[in-house]
Every structure is written in C-alpha cells, then in structure tokens.
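Enquirer: Handing you this structure, nothing more for now.
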Amino acid sequence: MTEKKKDLLFYIVAISLPVLQFCIFYIGVNFNSLLLAFQEYDVASGSYRLCGFTNLSNVWEEFFNTFLLKNGFFNSLKVWALTTVISLPLSLLFSFFIYKKFPLKNFFKVALFLPSVISGMVTVVIYLYFVERAIPGMAEKLFGYEMVGWLGNVDTQFGAVLFYNIFYSFGGYILLFVGAMNSVDPSVSEAGALDGVSGLREFWYIVFPKVYPTFCTFLVLSVAGIFTNQFSLYSFYGIEASNNVMTFGYYLYAITSVATTAEYPRIAAIGVLMTLFVIPITLLVKYVLGKIGPKEDAV
Amino acid sequence: MKKGALRSKITPLSAVVFGVLIVYVVLLFVPLLWALISSLKADMDFRNNLFGLPKKWLFQNYSDTFLGFYVTVESGKAFRNVFMPEQFLYSVLYAGGCAFTATFVPCLVGYLTSRFKYKFSGILTVVVIVCLTLPVVGSLPSEIRMARFFGLYDHIWGMWIMKANFLNMYLLVFQAIFSGVQGEFTEAAKIDGAGNTRIFFAIMLPLVSQTFLTVYILNFIGFWNDYQTPLIFMPNIPTVSYGLYIFNRRTEGQFSTIPMKLTGSVLVFLPVLAVFCVFQKRLVGNITIGGLK
C-alpha cells in the first residue's frame, strides 16, 4: 500500500466515529427537533403524527397573547445585554491589569477565576442565603429597619439575579483574554513603553488587536446563546421562578425537565421559532464584528 | 527578558482598577467565609447570631450532612437511597469519562483536520464554525428521545458517548497547536517506520499533552459541577452536584435548615477546590482561542 493510501485509510478510520457522533447527536437531534415541531402526540397509539403548522401557529399566538413567553423573550434580551455590556469590558480591563503585572496580579488572577470552578449550585446557595438572610440581618442591625431579601422581593429579584450573573462571570473571559494577551510580543510593549506610549494607547493599539478575535468569539457566542442561557435561574428557583425573572433558556429547560412526551412538540416549536429569530441576529453580529475592529499595526 | 521586566508603573487608571479588584475580592470571599462559619452553627445559633462565630462549633454538621446527603432513585420496581460516597463515585465516573471523551475527540479531530489537508478537513472546519455560530434553541426534548432511542439514557457510558463531540471551541485550540507543529517530526518518524497511529499517540499527543491536560481539567471541573445533564439524562444515577440540587430543595427535617444546606455546599465544593489549588497555575492563562472566521 502506498504512503498516500495509508494516510487516507488512517484518516477515514480515525474521523469516521467522531463524524458519526456528530451526525447523530447534532444533525440527527436538530432534525428530529425540527420534525417534532410539526408533530403531535397521539395518546391512543402512543406515537407522534404529523400535524402541519399547528404547533408553530399555536406558539406564535401564545407569544403575542400570553405574558409568559413575551416576558421570557424580553428578559432574555435584557439579561444578555446587561451582562455582556458590563462583563466583557470589565473582564478586558481586569485581564489587562493582570497582563501588565500590576501588584497582586497572581492573586487577582486566581480570585477572578475561582468562581468558574465552583459549582453554580454552590455559589447560588451561598449567594441566596447571604442576600436573603445576611444582608437583611446586617441592615436591621446597623440601621434598625426590616428589609425583605432581594431574591424573594418581586421588585428586586431581577436585579439580584442579574448581579449574581455578572459577579460570577469573569472567570472564563479572564482565562482566555489573559491567554491571548500573553501572545503579545514583549519587545513590542517594551518599545511602546520606551516611546512613552500611555497604558490606554498600549491597550488599544497593541493589546486589544491581539484579543479582538477572542473578544468577537465571546460576543458572537453570547448572542447565539441569548435564548438558551438560563442565567442560573434553575439553580435559584428550581421550576418555580416567577415570570418577572424568567428567561427563555430557563423556561425551556424547566418545562422539559417535567414535560411528558406529549408536550415535547410544543417545546420544539418554541425552539424553532426562537432559532429562526436569533440566527440572522447572530450572523449579522458576526459580520459586523468582522468588518470593524482595531488593526494590529496602527501604533 | 527578565521575569517581571514588564511590571508597569502605577497610573490613576490602574489604581482605580486595583481598587475595584480589591472590592471584588472582598465581596467574593466574605460570603464564602460567612458560609463556612455558618455551616458550623446550630440552627438557633444561626438565627440569633448571623455574623458572629458559632457559640458551639458543630463539626458534627459535616458528618450528619455526609450521612443525610442522599437522593432517592428508582431501582427496579422499588426505590433506594443513593448516599454521598456513591454519588462521589458517579461524579468521578461521569466527570472523568465525559471530560476524557470531550477532550480526546476535539484533539483527534483537530489533529486530523490540521495535518491531513483533504477537502473534507476544510469542510469539517467550516461546518464546526457554522454550527458553533448557529444557535439552536429547544432541542432538549429531541436529545432525550435520541438518548432513549440509542439506549444511552440513564447510563454513565451513554453520557460519555453523547459528550464525545468535536463541536466546541477546543477543536480550534487543538487545530491551532497542531498546525504549529513542524512537519519534520512526522517525516522523521515515518522514515523510522512509524505508522500514523503511532505517530499520533507517541509523537503528536505528547507534544500537546500540556494543553490536553489543561482542557481535560477544565472539562472535568465543568462536568463535575454540572447537575442539569445528570438530572435530565441520568435520573437514577445521581452525581454529587445532582445530589446537592436535591439536598437544597428539601423543605422538611433536619437538613432543611440553612446551616445544613451551607454544610452540603461546602462539602461538594471542597474536592473541586482541592483540584483547583493543585492545578491553578496550569489553568489560568494557558489557553488561547482565535476567532470564528
């Protein structure tokens, strides 16, 4: 057998199982999900049968007529916008601080990354009781007034969940931003420093262009995840989160966790509609980010 | 260049960032410390003394929680309780196995697509990037049906197979590394008579072992902390994170008190903290990803 044929044989054998897995658990799952959106469950025969656009039109109607889906939609957008607008720039700033080797940088690096290794369930439990018991207790002790816990109070629970999501979000960003910043050639930074380039200019012209592809990746993936991100609501509330805080990602997981086979088609129909909505937005964001952005050699 | 040569001058901006980071660290560690101290209190002590040290240090909370930390699952036609040691075993098997398949497969596919320049390699890379970018919402019911159909549902090995996919950012990480490896390595090995399998396992894999280990640890931590996949796909094989979710939803009995719930959280957190302390230098700043072009 020639060397080329051996290579080809090895390639086919090695790649076939991963490709088969991909075909079943990505293409198959999503095709089946699409199919489910056009099916209904027949209790008598215990199987699914085609029902045309009934599920989609029901969900479409439900979306405009019920508070639940509408609220979930806007909450998802709100939480995504606020967490991204706050977390991404702050993570960049913190990463730059670590990259520039300011005092205690190693300690901060570990501290910022620590929340991402702790189970979400653990941080939720600690945050929950700290916010519900410790802070009101402290307020009563210091100022003498009775305060309702932020997560239990309808007026404040959205803000409290939002704060949690931002506060514990830096780890993953920092991990990859610092990695990207470390690829900056030290001699370039040194030359900049000798030329009296300020920290901000160094960040914008030398460091940010290196981080920009990673930054874009995070942004695009976050847009793609708007309607799948649960924002830890299931950990906080189980299946009992109120409509005020409910996001689409949470809603879909929560109803799937208790759904019967007969309810799957409705869930799949919601998913199909949301997918159709978010695909063009994601592609647009990706396109725009590809067109704009800093250039590496502009210093 | 000497280590630390790039250490920067303190500017007003860096001083502000330093201040913000100090506040962040305080806000991060105070609740953790509070949880640790509260986990050693009796319930009445906790209610009357929210911030002080325990009147009596109840280390017994930990042994009690260890013994009472169970999940009731179906076993044949009956029910049985799965306790913490068994949950830890399931966690090790679930997280260890899933982390391995979720690391090895992207590594293998990254190697194949970056070193073998067939058309299919290019197509596969584009497919991965497109799939990563295309959001798919609400496919969980379909995934459950598929898992049931293939007999993977409620089996740990079933999860290993389901997680053995290359559709993640780590594929791009491995592709970048393998692309940077010089061709002479493989050519020399081929001259010495090594086959492709041997080249991959004996030469290429050791070359990326540092990144492989880092990705493995990150995946391991992620799977260890993941309770939602086991909750849905392995309802009768509770991992320790799944157990913690159930433990925290208890509303009756000795374990429904806040100190006990905090004790449960600390118990689950400790093994991950140990892994993190051992590997923290390896984890932070050692991985880079590119764009989604």
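Each reported figure results from applying straightforward, stated rules to the coordinates on display, with no laboratory input. Note that the coordinates shown come from a computational prediction; the quantities given were computed from them, not determined experimentally. In this analysis, Cβ positions are derived from the backbone assuming ideal geometry, glycine residues included, and neighbour counts consider all displayed protein chains.
Enquirer: Let me check the size of the stretch B:12-58 from its C-alpha atoms; what are the radius of gyration and Dmax in Å?
Expert: So, for the stretch B:12-58, Rg and Dmax equal 15.5, 48 Å respectively.
Enquirer: With θ set to phi - 60° and the Karplus curve 6.51 cos²θ - 1.76 cosθ + 1.60, what are the ³J(HN,Hα) couplings of the stretch A:139-146 in order, to the nearest whole Hz, using x for Gly and Pro?
Expert: 4, 5, 5, 7, 10, x, 10, 7
Enquirer: Using the alpha-carbon centroid of each, what span in Å lies between the stretch A:105-127 and the stretch A:217-284?
Expert: For the stretch A:105-127 versus the stretch A:217-284, the Cα centre distance is 25 Å.
Enquirer: How far, in nm, would the chain grow between residue A:281 and residue A:9 when pulled straight, counting 0.36 nm per residue and subtracting the alpha carbon separation?
Expert: Contour length minus the Cα-Cα distance gives 93.8 nm.
Enquirer: Check residue A:39: other-chain or 5+ apart residues with amide H under 5 Å from its amide H, H built from backbone geometry?
Expert: A:51
Enquirer: Separate question: Give me a single rounded figure for A:285-292: the average over its residues of other chain Cβ atoms within 10 Å of their Cβ.
Expert: Partner Cβ neighbours, averaged per residue: 1.
Enquirer: Rounded to the nearest 500, what is chain A's calculated 222 nm mean residue ellipticity when only DSSP H runs of at least 4 contribute -39500 (n - 2.57) each, over all residues?
Expert: -21500 deg cm²/dmol
Enquirer: Here is a follow-up. Between residue B:188 and residue A:200, what is the spin-label point distance in nm, taking each point 7 Å from the Cα along the Cα→C-beta axis?
Expert: Here the answer is 5.1 nm between the modelled labels.
Enquirer: Let me ask something else. In whole Å, what is the distance between the alpha-carbon centres of the stretch B:173-194 and the stretch B:227-278?
Expert: 44
Enquirer: Now for a separate question. Loop only per DSSP, at most 15 neighbouring Cβ atoms within 10 Å: give me the GluC sites (Glu not before Pro) in the stretch A:132-183, ordered by residue number.
Expert: A:146
Enquirer: Under the Karplus relation 6.51 cos²θ - 1.76 cosθ + 1.60, θ = phi - 60°, what is the ordered set of whole-Hz ³J(HN,Hα) values for the stretch B:242-251, x standing for Gly and Pro?
Expert: Values per residue, Gly and Pro as x: 4, x, 5, 4, 5, 4, 6, 9, 5, 10 Hz.
Enquirer: Right, something else. As I understand it, the value is the acute angle between the Cα axis of helix B:84-115 and the longest principal axis of the Cα atoms of chain B; what does it come to in degrees, rounded to 10?
Expert: So the helix axis and the longest Cα principal axis differ by about 20 degrees.
Enquirer: 7 Å from Cα along Cα→Cβ at both residue B:53 and residue A:51: what's the point-to-point distance in nm?
Expert: For residue B:53 paired with residue A:51, the spin-label model returns 6.4 nm.
Enquirer: log10 I(q)/I(0), Debye, Cα-only the stretch B:67-283, no solvent, q = 0.07, 0.14, 0.15 Å⁻¹?
Expert: These q points yield log10 I(q)/I(0) values of -0.30, -0.97, -1.06.
Enquirer: Calculate, axis by axis, the spread of Cα positions in the protein assembly as shown along the three principal axes, and write the results as whole Å, longest axis first.
Expert: 75, 73, 48
Enquirer: Moving on. Checking the cross-link filter: which lysines have an alpha carbon closer than 22 Å to that of residue A:6, excluding same-chain neighbours under 8 positions apart?
Expert: In chain and number order, the partners are B:117, B:119, B:190.
Enquirer: Sorting check: for A:255-264, A:157-166, which peptide has the highest mean count of neighbouring beta carbons within 10 Å, and how do the rest follow?
Expert: Highest to lowest by the protection proxy: A:157-166, A:255-264.
Enquirer: Based on the Cβ-Cβ distance from residue A:2 to residue B:149, what FRET efficiency comes out when R0 is 56 Å, to the nearest 0.05?
Expert: So, using R0 = 56 Å, E works out to roughly 0.85.
Enquirer: For each of A:155, B:45, count neighbouring Cβ atoms within 10 Å of the residue's Cβ, then give the residues from fewest to most.
Expert: A:155, B:45
Enquirer: Kindly put B:279, A:96 in sequence by how many other C-beta atoms sit within 10 Å of each C-beta, fewest to most.
Expert: Taking fewest neighbouring Cβ atoms as first place, the list is B:279, A:96.
Enquirer: Just to confirm my numbers, what's the Cα centroid distance between the stretch A:23-80 and the stretch B:98-156 in Å?
Expert: 23
Enquirer: Under the rule a/c < 1.5 gives rounded, and otherwise a/b versus b/c splits prolate from oblate, where does chain A land using the Cα gyration tensor?
Expert: Oblate, because a/c is 1.5 or more while a/b does not exceed b/c.
Enquirer: State to the nearest 20 debye the size of the charge dipole of the stretch A:139-249 about its Cα centre, where the only charges are +1 on K and R beta carbons and -1 on D and E beta carbons.
Expert: 160
Enquirer: Cα to Cα, under 26 Å, and not fewer than 8 places away if on the same chain: which lysines meet these conditions relative to residue B:261?
Expert: A:141, B:41, B:55, B:56
Enquirer: So if we plug the beta-carbon distance of residue A:74 and residue A:145 into 1/(1 + (r/R0)^6) with R0 = 35 Å, what FRET efficiency do we get, rounded to 0.05?
Expert: Plugging the Cβ-Cβ distance into 1/(1 + (r/R0)^6) gives 0.60.
Enquirer: Quick one: length gained pulling residue A:60 to residue A:81 fully straight, 0.36 nm per residue minus the C-alpha distance?
Expert: Value of the extension gain: 5.1 nm.
Enquirer: Could you give the nm distance between label points at residue B:119 and residue B:78, where each point is 7 Å from its Cα heading toward the beta carbon?
Expert: The answer from the label model is 6.2 nm.
Enquirer: Mind listing the phi-derived Karplus ³J(HN,Hα) values for the stretch B:210-219, rounded to whole Hz, using 6.51, -1.76 and 1.60 with θ = phi - 60°, and x for any glycine or proline?
Expert: Karplus-based 3J(HN,Hα) across the stretch B:210-219 equals 5, 5, 4, 5, 4, 5, 4, 5, 4, 5 Hz.
Enquirer: Just A:189, A:91, A:232 to compare: in a GNM of chain A, with alpha carbon springs under 10 Å, which one fluctuates most?
Expert: Answer for the Gaussian network model of chain A: A:189.
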